[in-house]
Amino acid sequence: MKFMKLGSKPDSFKTDSNNVRYVAAELATDIIVNVGDVKFYLHKFPLLSKSARLQKLVTEETNDEVHISEMPGGPAAFEICAKFCYGMTVTLNAYNVVAARCAAEYLEMHETVDKGNLIYKIEVFLSSSIFCSWKDSIIVLQTTKSLVPWCEELKVVSRCIDSIASKASIDTSRVEWSYTYNRKKLPSENRTDPQWNGVVTKPPSVPKDWWVEDLSELELEFYKRVIVTIRNKGKAQGDVIGEALKAYALRRLPGFSKGVIQGGDTVKNRSLVDTIIWLLPKEKGSVSCSFLLKLLKVATQLDCGENAKQELIKRIGLKMDEASVNDLLIPAPAGEAMMYDVDAVQSILAEFVMQEQNSIDSDLNDEVLEIRSPRFISDASKLIVVKLVDGYLAEIARDHHLPFSKFVNLAEMVSSFSRPTHDGLYRAIDMFLKEHPGLSKSDRKRICRLMDCKKLSVDACAHAVQNERLPLRVVVQVLFFEQVRASTSPTGGATPDLPGNLRALLPRENGSHGSSRSTTTNTEEDWDSVPTTEELRALKGELATLRLGGRNLKNEDDANSVERAAVSKVKGILKSKKLFSKLFSTKGTRDENSSSDTSDSPAGSSANPEESKSTPSRSRRRSVS
């Protein structure tokens, strides 16, 4: 830390009590100066020779007692000025120089009063030492908080900010000062390493974000002005400014690392979050998607303005493929029944999907901000987002208060994106059906229409055919596909083209189901009803028998005959009133625990490892009739 000593005489200021200060001298004091609640017993000659204001005050008073109630810096700052007038030793440093400068200005200690006066000497010290030091500039800026009007008028604040911003913008190869007083020096730097051999090695290179921790010490208003000045100089990269904002949020917002503010002044925290959002750099890649989502979480918690949240949603939407499921679990605003803010995620997803449309429209407008510059979405990004949405749906499906429409609408937003597998979507649908047992038949039909049974893995099919929550239509489709795939591709290869009579029971290319009336006379209510365990076993057994019987067929006519027989057999099962009544009576007399435990999603069926973590298996399933 830089310092400057003024004067040469010994300090002879004494304290009589807490509120009395005097100069021990042979000559009696002849003036009393009241600064706040402290009395100074001093001599007129040294004071009046350097202070124009004291000259005026003394002439105005009749009893040699002066009252100063608006002294910047208070009694301590006045004492520094008084000691300078007496020629006593005074030490100025980063902690007291601002108060001394403001007090000297108030006392009008200019060069016109006396050559080499206090104001001149302090200005020399500020320019030649304080503003040349990184650490001292930060300390001085912090001390101006209680003296803002005076420091602003004297341009101390602006000069501090410019000094700090200039040093933060300098090339790292030219950083020679101690670039952070929060970092402990390595043993090799202190030459205290026991293995040091006396050879002076080159110091480690200075990181480009060397200044971010130090600036986190600043109050919000000063921090904002410093960052704006750094940005205006145009030499600091956007990712460095983004890192600085992240460091400031972690330092100033308790619990920010977890996305939940824990304690503190709500108004102050809200202002801080709004300021950080306003300061976010425009350059692409300057901040991570995880950081933006944490900001959105705390902005929702603190009830920040809609403009701030919309800005975050737009930025997150441009890089949604970098997010994780846990990042998207934004707690719902206070007062809402739902656990998570699904609307915010839906808005983020809408921004992501809009990028392709914006890419088409960009030809009409070449002047687009870099942060909003449109781009085509790569297939890899689409696949990442699809898996992300599937995992998110599986998590929010656990919420009993989640409306059916919000689940379906979110899933439909990525329905146009190609999925190599629908296992993740099936897991989310299954979880929703489990947590919402009161769902109507039409809603069950609609939610199951979201997935393509042809894109379920072998493990997912094995789980689905035993799932008592799925409508009968879906179970039959899965059974057909499972058996046909097993008979035509013993090694589990690609799905063959199915003949028309079997394809009628499978989903069409556009995602809708084939009409049940094309293969059976059962009513829609039969198709959409939830099958019992016995019905599932009967269907599976019949198809397995036909499949085994068809393995030895060697020509296409024989295979077609088996397929026609399979369709006819299942028709008979579904049409048989006698079998249905028998199955239902069997179910009624059988103990409830006899149903197989098929609720757990198949292990290893997800293409996304995170989905497996976020969806713990359940040991029991409910049969919904």
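The values are calculated or read from the model by the stated rules, or taken from the named source; none is laboratory data. Only a predicted model underlies this, so the values are computations on that prediction, with no experimental measurement involved. Cβ atoms come from the backbone with ideal geometry, glycine included; neighbour counts cover every protein chain shown. Each accessible area value is taken on the protein alone, full model and side chains, heavy atoms only, with ligands, DNA and RNA left out. Shrake-Rupley method; radii C 1.70, N 1.55, O 1.52, S 1.80 Å.
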Please give the contour-minus-distance gain from LEU27 to GLN346: 0.36 nm per residue of separation, less the Cα-Cα distance, rounded to one decimal in nm.
106.6 nm
For the SER158, ASP274 Cβ pair and Förster radius 22 Å, calculated FRET efficiency rounded to 0.05 is 0.40
On the full set of protein chains, 1.4 Å probe, figure out the accessible area of ARG398 and give it in Å² to the nearest 10.
50 Å²
Work from the charge dipole of segment 237-318 (Cβ charges, +1 for Lys and Arg, -1 for Asp and Glu, about the Cα centre) and give the residue of LEU312, VAL273, ILE261 farthest towards its positive end.
ILE261
Ordering LEU57, LEU410 from largest to smallest accessible area (1.4 angstrom probe), what's the sequence?
LEU57, LEU410
Simple SL model, points at 7 angstrom along Cα→Cβ for GLU306 and ILE384; separation in nm is 3.2 nm
Treat every Asp and Glu Cβ in segment 1-130 as -1 and every Lys and Arg Cβ as +1, leave all other atoms uncharged, and give the resulting dipole magnitude about the Cα centre to the nearest 20 debye.
540 debye
Which of VAL23, ASN96, PHE13, positive extreme of dipole for segment 1-130 (C-beta unit charges)
ASN96
Please give the charge dipole size of segment 237-318, origin at the Cα centre, charges +1 on K and R Cβ atoms and -1 on D and E Cβ atoms. Round to the nearest 20 debye.
160 debye
If I ignore ligands, DNA and RNA and count only protein heavy atoms, how much of TYR86 is accessible to a 1.4 Å probe, in Å² to the nearest 10?
30 Å²
Taking square-rooted eigenvalues a ≥ b ≥ c of the alpha carbon gyration tensor, is segment 1-130 rounded, prolate or oblate, where a/c under 1.5 means rounded and, failing that, a/b exceeding b/c means prolate?
prolate
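Largest first, how would TRP150, TRP211 line up by accessible area (1.4 Å probe)? Working shown, then result.
Details: TRP150 75, TRP211 0 Å².
Sorted by accessible area, descending: TRP150, TRP211.
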Output the pairs from LYS5/LYS121; LYS145/LYS235; LYS246/LYS294 with a Cα-Cα distance over 18 Å in this structure; if there are none, say none.
LYS145/LYS235
With just the Cα atoms defining each centre, how far is segment 18-93 from segment 410-431? Give it in Å.
80 Å
FRET efficiency (LYS208, SER416; Cβ distance; R0 35 Å; to 0.05) is 0.25
At 7 Å along the Cα-to-beta-carbon direction for both CYS132 and VAL148, put a label point, then send me their distance in nm to one decimal.
3.2 nm
